[in-house]
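What follows is a short report on a single structure.
The values are calculated or read from the model by the stated rules, or taken from the named source; none is laboratory data. Just so it is clear, the structure is predicted and the values come from calculations on it, not from any experiment. Note: ideal-geometry Cβ built from the backbone for every residue, glycine included; neighbour counts use all protein chains shown.
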2 protein chains.
Amino acid sequence: MASRSLHSSRRHPLTLCASLVQNPMNLGALCRTAEVWRLQELVVSNADILTDRDFRKVAVSADQWQPIRICPSDRLPDWITQQQQQGLTVIALTRHPQAIALPQFTFPAQTALLLGRELTGIPAALIRQCDAVVEIPQWGCVESLNVATAGAIATYEYLRQQATS
Amino acid sequence: MASRSLHSSRRHPLTLCASLVQNPMNLGALCRTAEVWRLQELVVSNADILTDRDFRKVAVSADQWQPIRICPSDRLPDWITQQQQQGLTVIALTRHPQAIALPQFTFPAQTALLLGRELTGIPAALIRQCDAVVEIPQWGCVESLNVATAGAIATYEYLRQQATS
């Protein structure tokens, strides 16, 4: 198939870390987004999710092509340190008093984006480990964007900047 | 409630038209996104969707605050004409040979964004009625982004441009 030939071509060096994300549909949506944009890696907390019915429905087979790494959420402190040792900038995507607004943030090419858990977000200790905190400006009564939507938007901004840098 | 006080403040003059979108979860996700960003209006094909269980689960009450208009999809030709007569630029968001890549497109402030139906997209006759066609660059094996994700990304780009113009 023609589409298969893309599989060997270059990936964007962005890692999307969804180890804190719990809803299978959100994980499926993130997998589809990661694959459509050929991201380096998607990180999830356990392999069982890949056979979940809701995950599969939303991922529309993207997991066949998207590189996926497993990192349980209690291993995230080590994972963040590892990424940093490998030269990646680890960015927490969450609403936060010290956060930089997404359109004002300049992404390094080698980036890992840490997404929050539904409702509770990213634990403070993990935020402190990250190199930067970024938030998406919002003005509504509903408290926040859906995590899969937020992850896609931040990834779009990353790709937009990389294309023009 | 403090959040209610936001209700009377300014909205971004972007209309998100999801009349072709059929999946209640996608419509719920678009409603949440529209509300979080205080968009002018969300257009859906019928009012029944607002009581759908899947819609309500994903919309997390955003429909309480988000202005929603009903326009059945077979009325879209008239709706597009009306928007244009009112001075709005109507933009089809879809993959298309003549589409402008989203990061290269300059949004007018008064914009209506027409989203496609899941799987089948936007009928050619409606695309021809629109003032512009915009697509989100993508490189994966999966054919396209989810429509609610795509709508959120295009809206982010619109807001980003409006904030800096």
Any pair with Cβ under 9 angstrom, 6 or more apart, that starts in the range B:32-44 at a residue that is at positive phi and ends at one that is among the aromatic types (Phe, Trp, Tyr): B:38/A:139; B:38/B:65
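Matching residues to (1) at the interface with chain A (Cβ under 8 Å from one of its Cβ atoms); (2) β-branched (Val, Ile, Thr); (3) farther than 22 Å from residue A:140 by Cβ:
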residue	(1), (2), (3)
B:62	yes, no, no
B:86	no, no, yes
B:110	no, no, no
B:124	no, no, yes
B:149	yes, yes, no
B:162	no, no, no
Residue within the range B:106-117 that is assigned to a loop (DSSP other than H, G, I, E, B), free of Cβ contacts under 8 Å to residues at least 24 places away in the same chain and in contact with an Asp or Glu (Cβ under 6 Å, 6 or more places away or on another chain) present: no
In the range A:144-163, residue nearest to residue B:147 (Cα to Cα) [restricted to those that are more than 16 Å from the chain's Cα centre (by Cα) and touching a residue at least 12 places away in the same chain (Cβ under 8 Å)]: A:144
Condition check for residue A:70: at pLDDT 95 or above, loosely packed, with under 15 Cβ neighbours inside 10 Å and within 20 Å of residue A:22 (Cα to Cα): yes
Of all residues in the range A:84-105 being assigned to a loop (DSSP other than H, G, I, E, B), without any contact (Cβ under 8 Å) to a residue 60 or more places away in the chain and not small (Gly, Ala, Ser), the one that is surrounded by the most Cβ atoms within 10 Å (Cβ to Cβ): A:94
Check on residue A:10, closer than 23 Å to residue B:156 by Cα and assigned to a loop (DSSP other than H, G, I, E, B): no
Verdict on residue A:117 being closer than 18 Å to residue A:80 by Cβ, basic (Lys, Arg) and more than 9 Å from every other protein chain (Cβ to nearest Cβ): yes
All positions within the range A:126-147 that are touching a Phe, Trp or Tyr at 6+ places or on another chain (Cβ under 9 Å) and away from every other protein chain (no Cβ under 14 Å): A:132
